[in-house]
Amino acid sequence: MEITIKELIERANENNIPLEILCGEDALDNRIKNPRIQKPGLALTGFTYHIHPARVQIFGDTEITYLKELSAYKKRKAVNFLDEISISCLIITKGLEIPSLLLKKACRNKIPLLRTTMQSSVFIREIEELLNELLAEKVSIHGNLIDVFGVGVLILGKSGIGKSELALSLIMRNHRFVADDMVEIVKKYPGVLIGRPTEMLKHIVEIRGLGIVNIKDLFGISAIRDTKRIELVIELVKWEDDTEYDRLGLEEDFYEIMGIKLPLVKLPVTPGRQLPVLIEVAARNYLLKIKGIDSAKDFKDTLDKILKEQQKKEEIE
Amino acid sequence: MAGDPQKMKKVEKKITVQNKLGFHARAAANFVKTAEKFQSEVMVIKDDVEANGKSILGLLTLGAGKGSIIKIIIEGPDADRAIEALEKLVNNKFGEEE
């Protein structure tokens, strides 16, 4: 993933991170590919190794003051690194006044020079958070996402199998709705998948026969959430008589999204099956498992122990 | 059976949306109604956004206005008949006048 400087500025301003453009307007198509920033202070001394052009470069008070203290000759030499490396952008923090030499150099090399009024430490934290979000790997999945007892449950299954009705039943049982039909999934941190609705479909569910309904309007603020970490996948499948379904719960199945494996439960659908109840139990079971309690395994262990004891008895007799 | 490789077929086609209002709510509903007549999986792609062709909400998020090019991908035993029907529907402006 990558974004242009133009997009970065727009998104930053939307997120209350002020950024103004001082020069390099015609190079706003430059791209950022890495969410980590760099503070290339040493570049001012001529040491330009390890500068990554596709990261956001930041000069704060230290760098600017250092530059100001230099003699005219050294100042000219110091800003020469902008000739050598075509960095995507340079951001000055704290609303500092920019030494004219640096400004000229950036303009001549068509490097977007930006300025924020924020302090370096705060700005770095905010911009990295934003970049993490903007550069995260994303996919869209056909399904819906509900928070069941605090567990983000992604419900998958073919069109018409009853995903939306199921979501509605879960909402009626006081679980919180995140997304219906299309779930946008972001891999924000390693191992963590965050699900959310697409902007247009926020709070919206389509039910055959009723049409499009708004969950927030119908059930109120406590029935929805904007995002939720996905921890469990339920796949609704059509019941087929000749297919074998898991009867023990000893096998572990997984569903992989962007390289992350999530526990998968396949639920066969038949008329009369209480799917919301089954999903609540699946969520409770998942909560137990992450606390180290595996009912199916415990049961099997007890049974194995009894059988072993009987076997011993038999051998003695 | 859905798993039978001999009966599975995959077809894809690019179509231009021609009606004045584009993929609006009723057009999407018509599209879904047609798609649901077939067993095959239907995907509709515009730019890099992908939607399930049997889901009204999915199609609406594509925001496919007049003149936009959509790609329809169909996979399943009746893919040929499905693509024919859906192409006809879009080309006939979803049965609308303009």
* To do: Scan the stretch A:98-120 and give yes if some residue there is open to solvent by 10 Å² or more (accessible area, probe 1.4 Å), under 26 Å from the mean Cα position of the chain (by Cα) and either among the aromatic types (Phe, Trp, Tyr) or farther than 17 Å from residue A:3 by Cβ (or both), otherwise no.
  => yes
* To do: Check the stretch A:130-142 and report whether any residue there is more than 25 Å from the chain's Cα centre (by Cα) and within 14 Å of another protein chain (Cβ to nearest Cβ).
  => no
* Asked: What helices (runs of 4 or more DSSP H) completely inside the stretch B:15-98 contain at least 1 residues that are more than 14 Å from every other protein chain (Cβ to nearest Cβ) and farther than 27 Å from residue A:162 by Cα?
  -> B:79-91
* Can you tell me which of A:218, A:154, A:170, A:236 is over 23 Å from the mean Cα position of the chain (by Cα), in a strand (DSSP E or B) and away from chain B (no Cβ under 14 Å)? -> A:236
* Given (1) closer than 16 Å to residue A:182 by Cα; (2) modelled with pLDDT under 90, index of the condition residue B:19 fails -> (1)
* **Qualifying residue in the stretch A:148-155 (condition: closer than 30 Å to residue A:254 by Cβ and open to solvent by 10 Å² or more (accessible area, probe 1.4 Å))** => yes
* To do: For the stretch A:254-282, name all the residues that are more than 26 Å from residue A:168 (Cβ to Cβ) and either part of a strand (DSSP E or B) or not hydrophobic (A, V, I, L, M, F, W, C) (or both).
  => A:254, A:256, A:259, A:260, A:261
* Structure fact -> Residue count, the stretch A:219-248, condition open to solvent by 80 Å² or more (accessible area, probe 1.4 Å) and closer than 19 Å to residue A:162 by Cβ, comes to 2
* Out of A:58, A:64, A:141, report the one residue that is open to solvent by 10 Å² or more (accessible area, probe 1.4 Å) and β-branched (Val, Ile, Thr). => A:141
* Which ranges mark the strands (runs of 3 or more DSSP E) fully within the stretch A:3-119 that have 2 or more residues being touching a Gly at 6+ places or on another chain (Cβ under 8 Å)? -> A:113-115
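The values are calculated or read from the model by the stated rules, or taken from the named source; none is laboratory data. Fair warning: this is a prediction, and the values are worked out from it, not measured in the lab. Cβ atoms come from the backbone with ideal geometry, glycine included; neighbour counts cover every protein chain shown. SASA here: full protein model, heavy atoms, side chains in, ligands and nucleic acids out. Shrake-Rupley method; radii C 1.70, N 1.55, O 1.52, S 1.80 Å.
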